[in-house]
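Shown next, in structure tokens, is the structure this report addresses.
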Amino acid sequence: MNDTRLLVRKAQSNDLSAFEELVNLYQNRVYGLCIHLSGNPDDAQDLAQEAFIRAYKALGRFRNEADFGTWIHRITVNVWLNMQRKNNGRQAVSLDEPYQSNDGGSLQREVAALDGDPIQELEEKEFRGLVRKVLEDLTEEHRAVLVLREIEGYSYEEISRMLNCSLGTVKSRLSRAREVMRRELTKRSREAGEDLPAARESR
Amino acid sequence: MDCRKAEYLITQRLDQLLSKEEDAALAQHLACCDACACELALQERLSTALREMGREEIKAPAELSSLIINSLGPQRRSALVRLPVAWRKAVAAAATLLLLAGGSAGVMTGLNMANNNGKTVALESPAPNLAIDNSDAYAPPNNTEGGNNASPPVETPAPDGTDKPDGTQAGSPSPNIPGHQQTGDINSGGEGVIPAATPTGSKTGAPALAAGGERALLSDGMKVSSTVLKVSVDNLTSARTRAASLAAGVGASAQVFPEQAGGKAVLVMRLTVASDKATNLLAELSGLGIPFHKQDESRDLTPLYNETLVQYNELLERRGAATDSSEQRQLEIQAASYKQLLDAWEAEAGKQVINLWLENK
């Protein structure tokens with residue numbers, strides 16, 4: 001940690017080799033986040049590169065008592081969000097359409113429960129593959145909160161600072177992101193023809 | 001409790017944010033609501049899956065840090081490294097194959113194919129050396145209003161080392177350096193044709209370019225020595241790693257281009273190394289497997305560089321003028337491939353390039 005601080009201080013005074021050290025120290029963490037956000041190695045590399053470049057330019061604003069890793073993750077996720085908004089050509093699952101009414105949600109779940117949810121039959125590996133796919137199709141805001149919270153393990157507070165939004169927004173986004181994940185997982189596992197007989201007694 | 005409320009509490013529970021009372025209330029609801037119970041089970045499973053994804057060790061690509069540092073370096077500010085990786089891969093592979101294919105003829109064919117209305121450029125070459133001026137990135141913005149055909153004679157300081165990028169600027173402190181004047185010619189004239197020789201003949205070098213504005217036309221100094229080394233190895237992946245670390249050990253930069261040659265997996269690595277370290281590195285690389293081909297070559301790329309630069313500028317100009325977005329993109333891709341070549345040449349001038357060809361035994 002002290003090493004990092006020293007490196008940051010050096011980098012702040014335009015020592016490029018110190019920054020290079022920081023890149024080496026943090027590139028796996030940053031690239032990991034990039035992979036989870038962008039879903040493919042090429043975009044992840046572009047994103048990681050851009051994030052570090054932005055970080056370098058913004059180094060002067062970094063206060064050394066903060067965690068450098070969190071700080072650069074924050075930059076990364078924001079660079080990604082901006083890129084996504086700019087491109088927004090991708091088809092994302094709309095989050096505005098589902099769950100407009102209270103019973104809509106419970107109705108869908110009831111159906112799932114009664115049928116014997118095919119998703120329950122998925123092997124762990126298949127399940128994870130499906131999770132990855134669905135994650136990629138979430139809207140960027142929802143993917144961001146889910147990735148930050150679940151994959152990266154940041155707290156609500158940290159996420160709200162990273163995304164510059166209120167705690168309430170983080171909570172509701174996360175809750176809706178999970179909802180959509182669940183709904184899509186169920187839907188796709190059915191579409192995939194996993195129509196297995198109910199193997200589970202109703203709880 | 002209704003399901004909506006339960007759903008919210010389920011999320012909270014996943015994050016261990018429930019109070020005891022809330023937890024109890026949720027448990028009560030779950031006991032009599034299968035749907036919500038399923039929801040919780042699934043959400044917990046999802047949560048576990050995501051957390052496991054977070055525990056996977058993901059390694060950044062080997063070239064990431066050098067790409068970042070190169071694009072931050074004070075001397076080089078290449079726009080290429082900012083291009084999307086997918087484009088870069090495509091143009092880089094094309095460029096390497098062209099270079100590997102041997103000689104400028106191959107490169108030129110490729111370039112002319114890319115450029116529909118190719119124009120020819122005549123350049124005077126017996127002129128004083130002009131250092132490759134990457135530091136133009138920090139020069140004041142181009143004066144595109146520069147007078148036509150000004151090309152004033154300038155005393156070039158004539159440093160002959162290509163490694164002295166500041167040489168020219170130091171010698172011409174005035175912002176009115178010839179290059180920028182010349183820029184006016186090239187861009188505002190839109191001809192893409194450089195006068196064959198300036199009246200004084202003292203110099204033909206001229207930093208060019210408005211849009212990407214950081215390059216100079218050269219009169220000399222774009223000499224590249226290269227060696228093609230082909231080695232057959234037991235294991236491509238480990239040979240690649242080994243080669244990359246050998247290269248890194250002597251401070252060489254490396255690019256990797258996976259290729260297919262006649263159905264065979266082949267890896268081409270382009271290593272740029274300081275000339276004095278090249279011999280050793282070559283020897284070490286030969287030890288990766290069984291070397292079966294080695295060829296040294298030295299070329300003066302100056303004319304080629306200049307022509308490419310002019311065409312590149314023209315592409316940029318056309319891109320700027322293009323109104324149709326698909327045309328724009330097309331031009332951008334073409335420009336990117338030109339830029340790739342220019343960048344590669346700049347990086348390699350005065351150094352030794354090793355085109356390492358690795359194939360499985």
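The values are calculated or read from the model by the stated rules, or taken from the named source; none is laboratory data. Here the structure is a predicted model, which is why all the values come from computation and not from measurement. All Cβ positions, glycine included, derive from the backbone under ideal geometry; neighbour counts span all protein chains shown.
Each row is one residue, and each column tells you yes or no for (1) surrounded by fewer than 21 Cβ atoms within 10 Å (Cβ to Cβ); (2) in contact with a Phe, Trp or Tyr (Cβ under 9 Å, 6 or more places away or on another chain); (3) within 12 Å of another protein chain (Cβ to nearest Cβ).
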{"position": "A:A18", "(1), (2), (3)": "yes, no, yes"}
{"position": "A:H36", "(1), (2), (3)": "no, no, yes"}
{"position": "A:N40", "(1), (2), (3)": "yes, no, yes"}
{"position": "A:K57", "(1), (2), (3)": "yes, no, yes"}
{"position": "A:G60", "(1), (2), (3)": "yes, no, no"}
{"position": "A:T70", "(1), (2), (3)": "yes, yes, no"}
{"position": "A:W80", "(1), (2), (3)": "no, no, no"}
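Restricting the first member to segment A:2-17 and to residues that are in the same structural domain as A:L59 (by TED's automatic domain parsing) and assigned to a helix (DSSP H, G or I), and the second to residues that are of a type in the set (D, E) and surrounded by 16 or more Cβ atoms within 10 Å (Cβ to Cβ), the beta-carbon pairs closer than 6 Å and six or more apart or on different chains are A:L7/A:E21. Among the residues of segment A:62-80, just one is within 18 Å of A:L16 (Cβ to Cβ) and more than 23 Å from the chain's Cα centre (by Cα), namely A:F62.
Contact annotation: no residue pair with Cβ atoms under 6 Å, 6 or more positions apart or on different chains, pairs a residue in segment B:42-59 that is more than 7 Å from every other protein chain (Cβ to nearest Cβ) with a partner that is outside any helix (DSSP H, G or I) and exposed (fewer than 14 other Cβ atoms within 10 Å of the Cβ).
Would you confirm, using the coordinates I've provided, whether A:Q27 is of a type in the set (S, T, N, Q) and under 23 Å from the mean Cα position of the chain (by Cα)?
Details: of a type in the set (S, T, N, Q): yes; under 23 Å from the mean Cα position of the chain (by Cα): yes.
Yes.
Residue-level analysis places B:G251 among those that are closer than 23 Å to B:I68 by Cβ, in a loop (DSSP other than H, G, I, E, B) and of a type outside the set (S, T, N, Q). Within segment A:139-158, is there a residue that is surrounded by fewer than 19 Cβ atoms within 10 Å (Cβ to Cβ), free of Cβ contacts under 8 Å to residues at least 40 places away in the same chain and more than 10 Å from every other protein chain (Cβ to nearest Cβ)? Yes, segment A:139-158 contains at least one residue that is surrounded by fewer than 19 Cβ atoms within 10 Å (Cβ to Cβ), free of Cβ contacts under 8 Å to residues at least 40 places away in the same chain and more than 10 Å from every other protein chain (Cβ to nearest Cβ).
Would you check if there is a residue in segment A:164-175 being within 11 Å of the chain's Cα centre (by Cα), under 20 Å from A:N82 (Cβ atoms), modelled with pLDDT under 95 and within 11 Å of chain B (Cβ to nearest Cβ)?
Of segment A:164-175, the ones within 11 Å of the chain's Cα centre (by Cα) are A:174.
Cutting the leftovers down to under 20 Å from A:N82 (Cβ atoms) gives us none.
Checking segment A:164-175: not a single residue is within 11 Å of the chain's Cα centre (by Cα), under 20 Å from A:N82 (Cβ atoms), modelled with pLDDT under 95 and within 11 Å of chain B (Cβ to nearest Cβ).
Filtering segment B:268-303 to residues that are in contact with a helix residue (DSSP H, G or I) (Cβ under 9 Å, 6 or more places away or on another chain), buried (at least 21 other Cβ atoms within 10 Å of the Cβ) and assigned to a helix (DSSP H, G or I) leaves B:L281, B:L285.
Can you tell me which residue within segment A:42-55, out of those that are under 18 Å from B:I69 (Cβ atoms) and more than 7 Å from every other protein chain (Cβ to nearest Cβ), is surrounded by the fewest Cβ atoms within 10 Å (Cβ to Cβ)? Talk me through it step by step, then tell me what you get.
Narrowing segment A:42-55 to residues under 18 Å from B:I69 (Cβ atoms): A:45-55.
Of the ones still in play, those that are also more than 7 Å from every other protein chain (Cβ to nearest Cβ) are A:47, A:50-51, A:54-55.
On the way: A:L47: 23, A:E50: 20, A:A51: 25, A:R54: 16, A:A55: 24.
So, considering only residues that are under 18 Å from B:I69 (Cβ atoms) and more than 7 Å from every other protein chain (Cβ to nearest Cβ), the one surrounded by the fewest Cβ atoms within 10 Å (Cβ to Cβ) is A:R54.
Of the listed requirements (1) at pLDDT 90 or above; (2) not in a helix (DSSP H, G or I), A:N64 misses just one: (1).
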